[in-house]
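Data first, discussion second: the structure below is written as structure tokens.
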Amino acid sequence: MKKTLEEKTASAPTTYWHWSGIPTFLRCPHDPDFKNTDIGLIGVPYSGGNSIERMQYLAPRAVRNRSSAYHRAHRQFGIDPFDMVRVSDLGDAPLPHILNPDKAAEDIESFYKKVFEAGITPVTIGGDHSVTWPILRASRKTKFSEPIGMIHFDSHTDAAPEGFGTRNHAAGFLLGTEDGLIDPKRTVQIGIRGHMAILEMDDWAKNNFAAVISTDDVANRGTADVIKQVREIIGNGPVYISFDLDALDPSYAPAVADPEVNGLTLREVTNLIHGFRGLNFMGADIVCYCPPIDNPSQITALTISSMMLDFVSLIAENLSGKK
Ligand SMILES: [Mn+2]
């Protein structure tokens, strides 16, 4: 698993040239039979759960392309996660019923059951935000007997009830709570902002979740104070991190389904994520990337690539007991 310095130097061109070779997430080996993997990088090319913008199904392929330059050591943590655990690209969740949102959710759940049964910790690239819930349903049916904690980055509270003709649309934080997938007392939302069409959605989140932290809160309180609060709420139990890219300001992530101005800076987000080091992460997802509206420098895909390496490093440390 651990490469020598000479081997790393020799392979540098094919790890940094994102345009060369076969693209995989973070240029990790493809492991279709789940036999050689501790952390599984998975695409869910599905956007049938979002009513506004529906190009998120193109995200996994675009992230594979750009993140092929990110098979790197984690400089701030001082670790190389790829030396510590086996990280693989497991491919995309098959979607044979892609035009039926309820059946598509079942297909995603079936795939992730196999992932959890194989003892793999998933890091997922969506897809819209509806993909989070079948992943958590699969984890609940295979690995976790209790609702888990959730760190949810988003500009929206996503606490809408069933809507648009399906239970499996992209606003499932209320349903995820009602279904017992997440523990509201160990759930934190960060990055909430923007004018609202339905104020009741935010009221529900504020009344049920341990903390709803706005972009103004992060700016006014500072990231260190927010990290302290989140760590106290999450504690030692299992926690999932779900990152809707619209939590970021559109200057860092313009290619999102539901952009909101005046968002978190990338430095704030990086500080927060790094501040969660040592928490008991059982999975992560990054959702709502729409590649056709990214800018020519692929800034959104670059941001995602760096964030993926952050999540892999957090989980690698957790799995190897090194932090
Ligand atoms: Mn959102």
Legend entry - Top-ranked residue in the stretch 210-227 [being within 21 Å of residue 286 (Cα to Cα) and not aliphatic (A, V, I, L, M); ranked as farthest from the ligand (Cβ to nearest atom)]: 223
Inset, instruction - Find all pairs meeting these conditions: Cβ atoms under 8 angstrom apart; at least six residues apart or on different chains; first residue within the stretch 236-248 and over 12 Å from residue 188 (Cβ atoms) and within 15 Å of the ligand (Cβ to nearest atom); second residue assigned to a strand (DSSP E or B) and among the hydroxyl-bearing types (Ser, Thr, Tyr). - result: 245/289
Inset, instruction - State whether the residues of the stretch 69-86 include one that is within 16 Å of the ligand (Cβ to nearest atom) and either free of Cβ contacts under 8 Å to residues at least 40 places away in the same chain or surrounded by 21 or more Cβ atoms within 10 Å (Cβ to Cβ) (or both). - result: no
Inset, instruction - With the condition kept exactly as written, say whether any residue in the stretch 217-230 is more than 21 Å from residue 262 (Cα to Cα) and basic (Lys, Arg). - result: yes
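Can you pull out every residue in the stretch 56-77 that is among the aliphatic types (A, V, I, L, M) and within 17 Å of the chain's Cα centre (by Cα)?
Of everything in the stretch 56-77, those that are among the aliphatic types (A, V, I, L, M) and within 17 Å of the chain's Cα centre (by Cα) turn out to be 58, 59, 62, 63.
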Legend entry - Pairs with Cβ under 6 Å, 6+ apart, first in the stretch 303-319 and touching a residue at least 24 places away in the same chain (Cβ under 8 Å) and over 14 Å from residue 122 (Cβ atoms), second surrounded by fewer than 23 Cβ atoms within 10 Å (Cβ to Cβ) and among the hydrophobic types (A, V, I, L, M, F, W, C): 310/273; 313/77
Legend entry - Subset of the stretch 160-209 (residues that are buried (at least 17 other Cβ atoms within 10 Å of the Cβ), of a type in the set (Phe, Trp, Tyr) and closer than 22 Å to residue 127 by Cα): 173
Inset, instruction - Residue by residue through the stretch 87-116, note down the ones that are closer than 30 Å to residue 3 by Cβ and surrounded by fewer than 23 Cβ atoms within 10 Å (Cβ to Cβ). - result: 91, 92, 114, 116
Inset, instruction - Using the structure shown, decide if residue 94 is part of a loop (DSSP other than H, G, I, E, B), away from the ligand (no atom under 16 Å from the Cβ) and over 18 Å from residue 38 (Cβ atoms). - result: yes
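So, in the stretch 163-195, how many residues would count as being among the charged types (D, E, K, R), in a strand (DSSP E or B) and under 20 Å from the mean Cα position of the chain (by Cα)?
Restricting attention to the stretch 163-195, the residues satisfying the condition of being among the charged types (D, E, K, R) are 167, 178-179, 183, 185-186, 193.
The next check asks that each one be in a strand (DSSP E or B); those that pass are 183, 185-186.
Add one more test, that the residue is under 20 Å from the mean Cα position of the chain (by Cα), and what stays is 183, 186.
Total satisfying the criteria: 2.
Tell me, yes or no, whether the stretch 262-269 has at least one residue that is in contact with a helix residue (DSSP H, G or I) (Cβ under 8 Å, 6 or more places away or on another chain), among the hydrophobic types (A, V, I, L, M, F, W, C) and under 21 Å from residue 132 (Cα atoms). Please lay out each step first, then the result.
Just the residues of the stretch 262-269 that are in contact with a helix residue (DSSP H, G or I) (Cβ under 8 Å, 6 or more places away or on another chain), to begin with: 262-264, 266, 268-269.
Next, from what is left, pick out any that are among the hydrophobic types (A, V, I, L, M, F, W, C): 264, 266, 269.
Filter again for under 21 Å from residue 132 (Cα atoms), leaving 269.
Looking for residues that are in contact with a helix residue (DSSP H, G or I) (Cβ under 8 Å, 6 or more places away or on another chain), among the hydrophobic types (A, V, I, L, M, F, W, C) and under 21 Å from residue 132 (Cα atoms), one finds at least one in the stretch 262-269, hence yes.
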Inset, instruction - Assess whether residue 31 counts as being more than 19 Å from the chain's Cα centre (by Cα) and touching a residue at least 12 places away in the same chain (Cβ under 8 Å). - result: yes
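Filtering the stretch 34-55 down to residues that are hydrophobic (A, V, I, L, M, F, W, C) and under 19 Å from the mean Cα position of the chain (by Cα), which residue is modelled with the lowest pLDDT?
Initially, the stretch 34-55 is screened for residues hydrophobic (A, V, I, L, M, F, W, C), giving 34, 39, 41-42, 44, 52, 55.
Subset that is under 19 Å from the mean Cα position of the chain (by Cα): 39, 41-42, 44, 55.
On the way: 39: 98, 41: 98, 42: 98, 44: 98, 55: 93.
Looking at residues that are hydrophobic (A, V, I, L, M, F, W, C) and under 19 Å from the mean Cα position of the chain (by Cα), I get 55.
For (1) in a helix (DSSP H, G or I); (2) at pLDDT 95 or above; (3) within 16 Å of the ligand (Cβ to nearest atom), each residue gets a yes or a no:
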{"site": "229", "(1), (2), (3)": "yes, yes, no"}
{"site": "233", "(1), (2), (3)": "yes, yes, no"}
{"site": "269", "(1), (2), (3)": "yes, yes, yes"}
{"site": "285", "(1), (2), (3)": "no, yes, yes"}
{"site": "297", "(1), (2), (3)": "no, no, no"}
Inset, instruction - Would you please name the residue that is farthest from residue 63 (Cα to Cα), looking only at residues in the stretch 108-162 that are within 16 Å of the ligand (Cβ to nearest atom), more than 12 Å from the chain's Cα centre (by Cα) and in a loop (DSSP other than H, G, I, E, B)? - result: 160
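Filter the stretch 1-32 down to the residues that are among the hydrophobic types (A, V, I, L, M, F, W, C) and modelled with pLDDT of 85 or more, then identify the one that is surrounded by the fewest Cβ atoms within 10 Å (Cβ to Cβ).
Going through the stretch 1-32, the residues among the hydrophobic types (A, V, I, L, M, F, W, C) turn out to be 1, 5, 10, 12, 17, 19, 22, 25-26, 28.
Checking which are modelled with pLDDT of 85 or more leaves us with 5, 22, 25-26, 28.
Working: 5: 7, 22: 9, 25: 28, 26: 25, 28: 23.
Checking each candidate, the answer is 5.
The values are calculated or read from the model by the stated rules, or taken from the named source; none is laboratory data. Computed from a prediction, not measured in an experiment: that's the story for all the values here. All Cβ positions, glycine included, derive from the backbone under ideal geometry; neighbour counts span all protein chains shown.
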